[in-house]
Amino acid sequence: MSQKSKPLILGVSGASGLIYAVRAIKFLLEADYSIELVASKSTYMVWQSEQEIRMPPEPTQQEQFWREQAGVALSGKLRCHPWGDVGAGIASGSFATLGMIIIPCSMSTVAKLAVGLSSDLLERAADVQLKEGRKLVIVPRETPFSLIHLRNLTSLAEVGVRIVPAIPAWYHNPQTIEDLVDFVVARALDQLDIDCIPIQRWEGRR
């Protein structure tokens, strides 16, 4: 089975910084990947708070919503799941995937994953990746980190979770907010062996 024939699970938690999710969706769809998307309950409130936009709860309407935000009308495949649908395919280990990325990832989500709690579909899907030994990447968007945050992140790192904080680089001479965001998204997708974002990578001093 080829890489693109299996979907990537993309979780969106209630952390600030939804632009990270939007840009990830944009580049994945443009590269013709298949995405299984689940947004936490808090994500709806964050959209309203940060952008004064209402995210629709119905899956078909939500797919259109994310495509409009990403500016990708037709490319790739996108299927959205209600946050409470713990009977969805992505809640089972027998559902084959490329892995999962949670972007952005709240500290509440980090804490629940660190102790094995699965109170919604996002957390259950992530827990499945852990128990199946699949790739799980999280992009925490919080500052500063408390000792509790760091201990929870350490617990996840110890079981193989790849942690890519939303910290941009500057060596690629960013000119826009999107340049800063895209660098973080690209580095997160690197952890899944997905290279679909045209960023300037470090090649050493010349």
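The values are calculated or read from the model by the stated rules, or taken from the named source; none is laboratory data. Keep in mind that this is a model prediction, so the values were computed, not measured. Heads up, the Cβs are rebuilt from the backbone with ideal geometry, glycines too, and the neighbour counts pull from every protein chain shown. Ligands, DNA and RNA are stripped out before the accessible areas are found, and what is left, the full protein with its side chains, is counted by its heavy atoms. Shrake-Rupley method; radii C 1.70, N 1.55, O 1.52, S 1.80 Å.
Of all residues in the stretch 95-152, those satisfying the criterion of being of a type in the set (Val, Ile, Thr), in contact (Cβ under 8 Å) with a residue 60 or more places away in the chain and outside any helix (DSSP H, G or I) are Thr97, Ile101, Ile102, Ile103, Val139. Residues satisfying the criterion are present in the stretch 156-167 (criterion: buried (at least 20 other Cβ atoms within 10 Å of the Cβ), in contact with a helix residue (DSSP H, G or I) (Cβ under 6 Å, 6 or more places away or on another chain) and not in a loop (DSSP other than H, G, I, E, B)). A Cβ distance below 9 Å, combined with a sequence gap of six or more or placement on separate chains, defines the contacts here; from the stretch 164-180, residues that are on the phi < 0 side of the Ramachandran plot reach residues that are open to solvent by 50 Å² or more (accessible area, probe 1.4 Å) and outside any loop (DSSP other than H, G, I, E, B) in the pairs Val164/Arg187; Pro168/Asp179; Ala169/Arg187; His172/Asp179; Ile177/Ile19; Glu178/Ile19. Restricted to the stretch 30-72, and to residues that are touching a residue at least 60 places away in the same chain (Cβ under 8 Å) and within 24 Å of Arg124 (Cα to Cα), which residue is surrounded by the fewest Cβ atoms within 10 Å (Cβ to Cβ)? Among residues in the stretch 30-72 that are touching a residue at least 60 places away in the same chain (Cβ under 8 Å) and within 24 Å of Arg124 (Cα to Cα), the one surrounded by the fewest Cβ atoms within 10 Å (Cβ to Cβ) is Lys41.
Filtering the stretch 1-27 to residues that are open to solvent by less than 10 Å² (accessible area, probe 1.4 Å) and either more than 18 Å from Ala166 (Cα to Cα) or of a type in the set (Lys, Arg) (or both) leaves Leu8, Ile9.
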